[in-house]
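Nothing in this text is a laboratory measurement; each read-out follows from the coordinates by a stated rule. Only a predicted model underlies this, so the values are computations on that prediction, with no experimental measurement involved. Cβ placement follows ideal geometry from the backbone for every residue including glycine, while neighbour counts extend to all protein chains displayed.
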Amino acid sequence: MATPSQRLTSNQLSRAGTVVAALDIGSSKIACLIGRVDPGSQAGFAFMGGGRQQSRGFNGGTITDIEALERSIRLAVEDAEREAGERIDAVILGVTGPRVSAQLTEAQIELDQKEISLRDVHKVWKAALSRDLLRDRDLLGAFPVMYGVDDQDDVRDPVGMIGNRLRVLLNVVTAPTSLVKNLSECVNRAHLKVDRIVPSALASGAGSLIEDEVENGAICIDFGGGVTSVSVFLNGAPAGLDLIKVGGGNITGDIAQGIGTTFAAAERLKTVYGTADLDGPGLAERIEAPRLGDDGRLTACRMARGDLARMINPRVEEIFEMVGACLVSSPLYPILPRRTVLTGGTSQLPGARDVASRILDRPVRLGRPVDADLLGENFGIPAFSTAAGLIRYSMRGFADASQAGGMSAKAGASPGRRVVYRVLNWIRENF
């Protein structure tokens with residue numbers, strides 16, 4: 001079985017004409033997008049084609065049926081290959097689920113008043129990653145959020161500076177080895193190799209945040225079908241992530257239970273008539289809402305659209321209250337940026353952005369892939385922000401300690417907070 005090591009190097013990604021394929025495995029859909037590296041374009045790649053299939057065998061970050069998941073992957077990839085007119089043999093794979101976790105860790109090395117080199121940076125990275133190895137977890141990324149040189153904590157790039165001590169604050173992202181291996185096995189069964197595994201929450205940010213938001217700080221909320229992910233970007237780096245095992249599928253389930261109908265019929269009701277806005281227009285409208293009869297078949301019924309909204313709104317509020325709790329519990333909470341982007345398939349539900357802004361008490365914009373015009377009408381929508389971000393992820397150029405030569409493929413770290421607190425005042429002044 002192919003391992004999830006990084007076969008696609010940065011040099012390859014910068015080579016014009018290289019074909020890059022992204023595979024986003026979600027709870028509601030499997031999406032595959034194919035692009036060709038084009039340094040001359042604003043996006044950095046030319047979009048060739050994409051495919052999507054209903055997700056089967058994967059729910060809430062857990063594989064429930066490996067055979068069904070393999071079939072869904074095959075079909076999505078075949079659709080993308082057919083549209084792109086190109087066969088692919090490897091993908092950048094997005095992985096999600098509540099067991100994908102991020103921890104902040106810190107390390108310091110002594111320099112003896114010398115000029116800091118890239119070797120010193122790699123050395124402090126390694127020192128941070130060598131602490132408290134976690135069992136049965138794979139390292140997906142380790143991102144330097146902040147450096148410190150002696151008493152200065154506002155350093156983004158320490159190379160070339162002179163000092164006695166070099167510190168780093170790393171955001172270390174890991175996933176269970178079993179999840180990584182099983183997802184890789186599904187991809188391998190579809191006769192594809194895994195070039196790289198990327199946390200889907202970070203890919204969503206890479207796909208939907210503009211450059212200014214990545215550099216100056218933003219929060220990305222991906223409101224998906226099975227999970228809702230939260231990623232934080234500071235100083236041009238992924239600084240944190242969290243995941244909630246609740247999403248748009250739970251809203252659909254509430255509708256199905258509330259009116260007594262099938263899940264498929266409830267999903268259509270949500271998509272066509274659903275809204276989280278209890279004060280919006282058209283709530284008195286009577287809509288078709290088929291219900292299950294005594295014989296187990298759907299029968300024609302009608303209901304007020306406002307009644308449907310009253311089933312949807314409490315769950316949407318609950319989800320954003322959970323998002324808010326994640327933000328409050330984060331060690332970065334005192335320095336979190338206010339700029340917030342809401343993306344993902346369920347973000348398109350009318351009223352969802354307004355509920356998010358009210359519950360979180362912060363301005364929220366609805367985000368779609370930054371390359372939406374390039375992706376076209378079918379794929380340039382919030383539901384494909386993660387897949388688009390997987391293609392753009394390596395092109396974003398995030399510094400990643402886990403990709404430095406000689407770094408262990410499995411590592412973890414205990415949360416370190418001393419550096420966080422030392423930089424609180426500086427970031428508070430600048431954000």
*Note the angle between two axes, namely the Cα long axis of helix 118-129 and the longest principal axis of the Cα atoms of the chain, as a number of degrees from 0 to 90, rounded to the nearest 10.*
60 degrees
_Sorting check: for 211-224, 250-263, 111-124, which peptide has the highest mean count of neighbouring beta carbons within 10 Å, and how do the rest follow?_
211-224, 250-263, 111-124
*What is the helix-to-structure angle for 385-396, meaning the angle in degrees between its Cα long axis and the longest Cα principal axis of the chain, kept from 0 to 90 and rounded to the nearest 10?*
20 degrees
*Which shape class, rounded, prolate or oblate, goes with the range 239-317 when its Cα gyration tensor gives a ≥ b ≥ c as root eigenvalues, a/c under 1.5 marks rounded, and past that a/b bigger than b/c marks prolate?*
oblate
*Any idea how far apart residue 108 and residue 257 come out in nm if each label point goes 7 Å out from Cα toward Cβ?*
5.1 nm
*Using the Cα gyration tensor of the range 320-396, with a ≥ b ≥ c the square roots of its eigenvalues, what is the shape: rounded (a/c below 1.5), prolate (a/b larger than b/c) or oblate (neither)?*
oblate
*Could you work out how far the C-alpha centroid of the range 196-222 sits from that of the range 253-307, in angstrom?*
34 Å
_Taking every pair of distinct Cα atoms and averaging 1/r, then inverting, what Kirkwood hydrodynamic radius in Å comes out for the range 209-285?_
14.8 Å
*Stretch residue 178-residue 300 to full length: gain in nm at 0.36 nm per residue minus the Cα-Cα span?*
39.3 nm
*For the Cα atoms of the chain, what angle does the longest principal axis make with the long axis of helix 177-189, in degrees from 0 to 90, nearest 10?*
70 degrees
*Ordered by residue, what ³J(HN,Hα) values in Hz, to whole numbers, does the range 232-240 give under the Karplus form 6.51 cos²θ - 1.76 cosθ + 1.60, where θ = phi - 60° and Gly and Pro are x?*
10, 10, 9, 6, x, 9, x, 9, x
*Loop-located GluC sites (Glu not before Pro) in the range 281-338 whose Cβ has at most 13 other Cβ within 10 Å (DSSP)*: 285
*If we sort 173-179, 42-48, 342-348 on the protection proxy, mean other Cβ atoms within 10 Å, highest first, what's the order?*
342-348, 173-179, 42-48
*asked:* Nearest 500 deg cm²/dmol is fine: what mean residue ellipticity at 222 nm does the chain get from its DSSP H runs of n ≥ 4 alone, each adding -39,500 (n - 2.57), divided by its residue count?
replied: -11000 deg cm²/dmol
*Can you list the residues, at least 5 places off or on another chain, whose amide H is less than 5 Å from the amide H of residue 217, using H built in the peptide plane?*
235, 236
*Rounded, prolate or oblate: which one fits the range 73-186, using the alpha carbon gyration tensor with axes a ≥ b ≥ c (rounded when a/c is under 1.5, else prolate when a/b beats b/c, else oblate)?*
prolate
*Treating cross-link reach as a plain straight distance, find the lysines whose alpha-carbon is under 16 Å from the alpha-carbon of residue 123, omitting any fewer than eight places away in the same chain.*
114
*Mind listing the long-range amide H neighbours of residue 246? Cut-off is under 5 Å, sequence gap 5 or more, other chains count too, H placed in the peptide plane at 1.01 Å from N.*
228
*Take the Cα gyration tensor of the range 122-220, multiply each eigenvalue by 5, square-root it, and list the three semi-axes largest first, rounded to whole angstrom.*
31, 19, 11
*Got a sec to turn the phi values of the range 157-170 into Karplus ³J(HN,Hα) couplings, 6.51 cos²θ - 1.76 cosθ + 1.60 with θ = phi - 60°, whole Hz, x for Gly and Pro?*
9, x, 4, x, 7, 10, x, 9, 9, 10, 10, 9, 10, 10
